[in-house]
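Enquirer: This is the structure I want to talk about, given as structure tokens.
Read-outs throughout are calculated quantities, based only on the coordinates presented, and are distinct from any laboratory measurement. Note that this is a predicted model, so its numbers are computed, not measured. Ideal geometry is used to build each Cβ from the backbone, glycine not excepted, and the neighbour counts take in all protein chains shown.
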Amino acid sequence: MIELKKRISLYMRSVLSLLRIAFIKIFNIRAFSSSAFEDFSLSTRIFVFDKGQMRLKRRIHTRSNVVFEADGGVLEIGEGCFFNNGCMVVAKEHVKIGNYTSFGPNVLVYDHDHRIDSDALIHDSGFDTAPVVIGDNVWIGANTVILRGTVLGNGCVVGAGSVVKGTYPPDTVIIQKRSEILRDRVSNFEKDVDNAYG
């Protein structure tokens, strides 16, 4: 019975994904291309605007609240990619993701930064952009942020909670260690008070 429910659920998601893709294609005939066979969650959001282009290969799987956005740039996602809950990919210039790459929960990929070197309000100051390229068979851990200009070679692994910017050769494991400070809250508070008044 459970197996039957899973099959029905998968079938329903596939039909709804097909309808969503058809709807997006109607309004973005030249800017959007996708396989009919995607497995998008119902909460996946896809935006193509400001002359952006999106190219999705087949068998892309998304969980809840995933966002794909081609905001004036080109977003390419390869075959068999997996996006866990809360991922967001935004292209203002070009983001290219290879085949069979997997994203843990809440991974953010941006090919742009706000400009902060002018007197204008940051919100109105425009963006600096540089392409992001993520290779085939890459695994990106939860809560990672990938910044503009990053290149991850095939087979790279990025540890959870990383902020990634730069070029990494194939099969590199990227782990960002953070120092951990442990102290007793009460005894250190008493020492701080003694030193302050002491």
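Enquirer: Find how much the distance from Tyr100 to Val163 grows on full extension, using 0.36 nm per residue of separation minus their present alpha carbon separation; answer in nm with one decimal. All intermediate terms of the calculation are to be shown ahead of the outcome.
Expert: Numbers: separation 63, 0.36 × 63 = 22.68 nm, distance 2.16 nm.
20.5 nm is the gain from fully extending Tyr100 to Val163.
Enquirer: Efficiency by 1/(1 + (r/R0)^6): what FRET value for Phe127 and Phe37, r their Cβ-Cβ distance, R0 = 30 Å, to the nearest 0.05?
Expert: 0.30
Enquirer: Give the long-range amide H neighbours of Ile174: residues separated by 5 or more places, or on another chain, with amide H under 5 Å away, using H modelled in the peptide plane at 1.01 Å from N.
Expert: The list, which skips near neighbours in sequence, is Val157, Val158, Gly159.
Enquirer: Additional query: I'd like the FRET efficiency for Asp171 and Glu79, computed as 1/(1 + (r/R0)^6) with the beta carbon distance as r and R0 of 22 Å, rounded to 0.05.
Expert: For Asp171 and Glu79, the calculated efficiency is 0.60.
Enquirer: Also, quick follow-up: Can you figure out the FRET efficiency of Glu180 with Ala120, using R₀ = 41 Å and their beta-carbon distance, to the nearest 0.05?
Expert: On the way: r = 40 Å, r/R0 = 0.97.
Given R0 = 41 Å and the Cβ-Cβ separation, E is 0.55.
Enquirer: When a/c is below 1.5 the answer is rounded, else prolate if a/b is larger than b/c, else oblate, so apply that to the range 109-175 with a ≥ b ≥ c taken from the square roots of the Cα gyration tensor eigenvalues.
Expert: prolate
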